[in-house]
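Just below is one structure, and these are the notes that go with it.
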Amino acid sequence: MHCSKSRPPMTTPTPEKGHVAPYAHPAAGWGALKQVAINLVKEKVAGGKYKTLFKQNQPDGFDCPGCAWPDRQHASTFEFCENGVKAVAAEATSKRVTNAFFAQYTVTELMRQSDYELEQHGRLTHPVRYDAATDKYVPVDWDEAFRLIADHLRRLDDPDRATFYTSGRASNEAAFLFQLFVRMYGTNNFPDCSNMCHEATSRGLPVTVGVGKATVVLDDFQLADTIMVFGQNPATNHPRMLNELRDAAKRGATIVSINPLKERGLQRFTSPQHVSEMLTGGSTKIATMFVRPKLAGDFALLKGLGKRVIELDDAAIATGGKRVVDVDFIREHTADFDAFAADLRAESWADIVAESGVTRADIDALADVYVHSERTIACWGMGLTQHKESVRTIQLLSNVMMLRGNIGRPGAGLMPVRGHSNVQGDRTMGIEEQPDDAFLDCLGAAFDFEPPRAHGQDVVAAINAMLAGKVKVFVGLGGNFSIATPDTPRTWEALRQCDLTVNIATKLNRSHLVIGKDSLLLPTLGRTEIDEQNGVPQGVTVEDSVCMVHLSYGMNKPASPHLLSETAIVARMADATLGSDKVDWRWYAQDYARIRDAIEKVIPGFERFNERVAHPGGFHLTPASRNRVWKTASGKAQFLVHAIDKDTPIKRARARYGDDMMVMMTTRSHDQYNTTIYGLDDRYRGVYGLRRVVFIHPADRARLGFAEGEHVDITSVWEDGVTRHVQDFRLVDYDIPEGCLGAYYPETNPLVPLESIGDRSGTPTSKSIPVLLRRAG
Ligand SMILES: Nc1nc2c(c(=O)[nH]1)N[C@H]1C(S)=C(S)[C@@H](COP(=O)(O)OP(=O)(O)OC[C@H]3O[C@@H](n4cnc5c(=O)[nH]c(N)nc54)[C@H](O)[C@@H]3O)O[C@H]1N2
Ligand SMILES: Nc1nc2c(c(=O)[nH]1)N[C@H]1C(S)=C(S)[C@@H](COP(=O)(O)OP(=O)(O)OC[C@H]3O[C@@H](n4cnc5c(=O)[nH]c(N)nc54)[C@H](O)[C@@H]3O)O[C@H]1N2
Ligand SMILES: [Mo]
């Protein structure tokens, strides 16, 4: 690292030996099945556990820990996907991180291993505590571990000096108990992975349509004429979504990909669910149309789409033709349409085209599809949410959908595609640093205490507070906080200033090595494992991306007899810290149905929770917006006027560095699950054995004076005098818009400044980082 301020050491990259070769086949198909087999062998999954693969996302099985895409309800569909198999195999591995392993390596030695190597060691088996004298993790008793946590927490002079992170795999039951514990302890410091993920959705949609969740269910995909997919790579991240898109394409629906990249899985797809397609080498063409904005160009593109709709509608009025906007919907259900339409009329086409990077012809073509579609679904992922203007972009998208009444009717609606399998449920359960008073009132009344009212920290605020010495205890319920977050060296400095870091995890990762003075690593059951309390197997509940809540039962023998469930860990941490006067924590953890009864008392929509969730497939938490009930300030679906931002860090960087400045996205390869690196290939993008790559347009590469395959160092351009730098990345010629670069997360997280966050979402701008490239060395 070449930094202008002192920094803790980072791991030095090991040179990579790999190659690049374009991928010419459809997504999924035999390639995916081969990967499945490779994973089972590599993870040494024991024989009996193969059967678990067939129980994933089935009514009586477990919820797949792979992603939040919803399940088909009929049990006949074999919901099989490469992503899910990798996630299950990673959890069912027979490899173990035992006490002997920790006796062998110091933390400093483990720090030299790559994230991929750390993942390969397998499942954690015993609770361990960091011993500074030997720089090793040593065995600790569970009781002693909880006592240590309680001692630290009780010693703090202010509960806001502790922060409690949640990653989106935690079940509803664990999350509910966790937030109750933390609020009874006295703080709303709930940074969570959602802060880095769909926060722009969760903050943006409530203002326009009242609820920050999807308005569609899976069946709507069977009715839609048009499905617009913004900033998503489903072949890698939500493979089961491709089945929906495939069926829609087959019946003639138009699928539009709005993405700077022409992602493989949105081109052709061979469905592993359809034997005939597999045997005949057949495949289905998925997207009919590719619209390719430059990075962060979506806001301007949506302005263009809206403007064109209004232009066509104005023309219809002038000629007495059929109106293009849904006049009845707008009159009955919305507020401030006139101001919205006036703003679009006044917007300049030149600005729209320049700012979006999409030609006028392409915008007109997109509008043509949109206005001829009776039922449109808009899906979106990280390509829309991880920018400065993401809240405005998502609000504008919902407004453009409102123009044609595409919310709250069959076959149409909004579909934010969530990542972690229960990230949406965790938020519903109250993992929320900005809780509303109604929720706190109910929680306080149900458990007879006064919850803290002051808003707490999100991820970036938590890191800043650690850096400032204000937060001294970090507790992580899953996840990999140290590298999922931005500005890696500063985040490590922050974590290392803590008095205590606690990580509750299934597998070893970097965050277990970047630690405070005291540190605990507490191993837990994965969702695929049998969770017995008092001899009775427990189910947990999760909420998917379309608000279906269902039960999940683990089927595998736990990786070690010394594991506790997340719920049990939370309960015993709470018990040790707060005692059992107000809440009998252990009683709740003995039977999760009791926790569900408590959830029912506090959270609207969970009436008769235990009874309804026992039905196969669970129940739908129908968001009000789906029924055209608008929980907004105006009581209507709200149109908003937002201008194209003319003064942004990227524009200032451009003014300073001209066309040398490039905008970079950080994205996922095919062989990773967030920070978990399963393998080193990105098959659909034609990258093998390499992770330190930068995708670049060949014209940009030549213009900047680099040879194909040359190695570069990357520096981000920010305005605080801190040098942010990563080294030795191989340039890969790629079909990416000029001026844009792509690279993998988390290797490039050191480039994202803590200060570079989305307006009103606080989300690190991981998909638009201004950077400069320099020859490596
Ligand atoms: N196998 C696997 N599955 C996963 C995950 C995983 O890591 N691996 N992660 C899970 C999680 S937590 C999440 S949130 C989801 C993430 O799933 P996705 O939302 O698909 O996330 P990414 O791969 O980061 O990037 C998505 C796409 O955004 C595009 N993009 C980048 N910038 C822009 C832009 O400015 N505009 C537009 N229109 N597009 C842009 C990229 O080209 C890329 O195709 O997947 C979940 N599922
Ligand atoms: N630059 C950049 N940064 C990003 C993103 C990006 O696109 N670009 N994406 C962001 C997004 S969308 C997200 S969601 C975050 C992800 O942030 P996190 O959720 O913090 O990260 P993960 O990599 O999903 O966490 C993996 C770890 O979780 C633990 N784990 C797995 N299963 C379980 C379980 O069942 N219980 C428990 N207790 N632990 C378990 C394992 O130890 C594993 O190592 O990263 C964000 N960071
Ligand atoms: Mo995510």
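Can you pull out every residue in the stretch 693-717 that is within 16 Å of ligand 1 (Cβ to nearest atom) and open to solvent by 40 Å² or more (accessible area, probe 1.4 Å)?
Answer for the stretch 693-717, where residues must be within 16 Å of ligand 1 (Cβ to nearest atom) and open to solvent by 40 Å² or more (accessible area, probe 1.4 Å): just H697.
Look through the stretch 668-679, keep the residues that are open to solvent by 20 Å² or more (accessible area, probe 1.4 Å) and part of a strand (DSSP E or B), and return whichever of them is nearest to ligand 1 (Cβ to nearest atom).
Within the stretch 668-679, the match that is nearest to ligand 1 (Cβ to nearest atom) is Y673.
Check A174, A200 and return the single one that is away from ligand 1 (no atom under 16 Å from the Cβ), under 30 Å from R668 (Cβ atoms), modelled with pLDDT of 95 or more and assigned to a helix (DSSP H, G or I).
A174
When both residues are 6+ apart or on different chains and their Cβ atoms are under 7 Å apart, which pairs have a first residue that lies in the stretch 413-438 and is at positive phi, and a second that is open to solvent by 10 Å² or more (accessible area, probe 1.4 Å) and of a type outside the set (K, R)?
Taking only residues 6 or more apart or on different chains, the pairs are G430/F439.
Among R656, R652, which is the only one that is part of a helix (DSSP H, G or I) and farther than 19 Å from R392 by Cβ? First the steps, then the outcome.
Values: R652 fails: farther than 19 Å from R392 by Cβ.
Going through R656, R652 in turn, just one is part of a helix (DSSP H, G or I) and farther than 19 Å from R392 by Cβ: R656.
Would you be able to tell me the number of residues in the stretch 121-141 that are part of a loop (DSSP other than H, G, I, E, B) and of a type outside the set (D, E, K, R)?
Of the residues in that region, 9 qualify.
Report whether or not R608 is touching a helix residue (DSSP H, G or I) at 6+ places or on another chain (Cβ under 6 Å), over 30 Å from I394 (Cβ atoms) and without any contact (Cβ under 8 Å) to a residue 24 or more places away in the chain.
So R608 does not fit the description; no.
Quick one: in the stretch 99-114, of everything that is of a type outside the set (K, R) and open to solvent by 50 Å² or more (accessible area, probe 1.4 Å), which residue is nearest to P558 (Cα to Cα)? Talk me through it step by step, then tell me what you get.
Kept after step one, since they are of a type outside the set (K, R), are these residues of the stretch 99-114: 99-111, 113-114.
Next cut, open to solvent by 50 Å² or more (accessible area, probe 1.4 Å) only: 100, 103-105, 108-109.
Working: A100: 19, A103: 23, Q104: 24, Y105: 25, T108: 29, E109: 28 Å.
Within the stretch 99-114, the match that is nearest to P558 (Cα to Cα) is A100.
Regarding the stretch 242-256, can at least one residue be identified that is over 27 Å from S669 (Cα atoms), away from ligand 2 (no atom under 16 Å from the Cβ) and assigned by TED's automatic domain parsing to the domain that holds D575?
No; the residues of the stretch 242-256 include none that is over 27 Å from S669 (Cα atoms), away from ligand 2 (no atom under 16 Å from the Cβ) and assigned by TED's automatic domain parsing to the domain that holds D575.
Just to be sure I understand, how many residues within the stretch 757-777 are open to solvent by 30 Å² or more (accessible area, probe 1.4 Å) and on the phi > 0 side of the Ramachandran plot? Even if it seems obvious, please write down each step before you answer.
Filtering the stretch 757-777 down to residues open to solvent by 30 Å² or more (accessible area, probe 1.4 Å) leaves 757, 759-760, 774-777.
Those still in the list that are on the phi > 0 side of the Ramachandran plot too: 760, 777.
Selection size over the stretch 757-777: 2.
Of the residues L690, L754, only one is open to solvent by less than 10 Å² (accessible area, probe 1.4 Å), away from ligand 1 (no atom under 14 Å from the Cβ), part of a loop (DSSP other than H, G, I, E, B) and within 16 Å of I650 (Cα to Cα); which? Walk me through how you get there before you give the answer.
Working: L690 fails: within 16 Å of I650 (Cα to Cα).
After ruling out the rest, the residue left standing is L754.
Can you find a residue that is under 24 Å from G618 (Cβ atoms), part of a loop (DSSP other than H, G, I, E, B) and open to solvent by less than 20 Å² (accessible area, probe 1.4 Å) anywhere in the stretch 508-528?
yes
So, in the stretch 573-595, exactly how many residues are surrounded by fewer than 22 Cβ atoms within 10 Å (Cβ to Cβ) and outside any loop (DSSP other than H, G, I, E, B)?
The qualifying residues number 9.
Please determine whether any residue of the stretch 92-112 is in a loop (DSSP other than H, G, I, E, B) and within 20 Å of the chain's Cα centre (by Cα).
Within the stretch 92-112 (the criterion being in a loop (DSSP other than H, G, I, E, B) and within 20 Å of the chain's Cα centre (by Cα)), the answer is no, since none of the residues qualifies.
When the residues of the stretch 532-553 are filtered to those that are part of a loop (DSSP other than H, G, I, E, B) and open to solvent by 20 Å² or more (accessible area, probe 1.4 Å), which remaining residue is farthest from C498 (Cα to Cα)?
Restricting attention to the stretch 532-553, the residues satisfying the condition of being part of a loop (DSSP other than H, G, I, E, B) are 534-535, 538-539, 544-547, 553.
From what's left, open to solvent by 20 Å² or more (accessible area, probe 1.4 Å): 534-535, 553.
Details: N534: 36, G535: 38, Y553: 36 Å.
Selected residue: G535.
Looking at E747 and the list (1) surrounded by fewer than 24 Cβ atoms within 10 Å (Cβ to Cβ); (2) in a strand (DSSP E or B), which single condition is not satisfied?
Condition (2) is where E747 drops out.
I'm trying to understand the selection: among the residues of the stretch 157-171, which are part of a loop (DSSP other than H, G, I, E, B) and open to solvent by 30 Å² or more (accessible area, probe 1.4 Å)?
D157, D158, R169 - these are the residues of the stretch 157-171 that are part of a loop (DSSP other than H, G, I, E, B) and open to solvent by 30 Å² or more (accessible area, probe 1.4 Å).
Evaluate the following for P770: is it in a strand (DSSP E or B), under 26 Å from Q395 (Cα atoms) and not aliphatic (A, V, I, L, M)? If you could, list the steps in order and put the result at the bottom.
Numbers: in a strand (DSSP E or B): yes; under 26 Å from Q395 (Cα atoms): yes; not aliphatic (A, V, I, L, M): yes.
Yes.
Please work out which residue is surrounded by the fewest Cβ atoms within 10 Å (Cβ to Cβ), limiting yourself to the stretch 220-255 and to residues that are of a type in the set (V, I, T) and within 11 Å of ligand 1 (Cβ to nearest atom). Spell out the reasoning first.
Step one: list which residues in the stretch 220-255 are of a type in the set (V, I, T), which gives 226-227, 229, 236, 254-255.
Remaining after also requiring within 11 Å of ligand 1 (Cβ to nearest atom): 229, 236.
Working: V229: 26, T236: 23.
Filtering the stretch 220-255 for residues that are of a type in the set (V, I, T) and within 11 Å of ligand 1 (Cβ to nearest atom), the one surrounded by the fewest Cβ atoms within 10 Å (Cβ to Cβ) comes out as T236.
The values are calculated or read from the model by the stated rules, or taken from the named source; none is laboratory data. Treat the numbers as computed from the prediction; the structure is a model and nothing was measured. So basically every Cβ, Gly included, is an ideal-geometry build from the backbone, and we count neighbours across all protein chains shown. Keep in mind that these areas ignore ligands, DNA and RNA; they rest on the heavy atoms of the full protein, side chains included. Shrake-Rupley method; radii C 1.70, N 1.55, O 1.52, S 1.80 Å.
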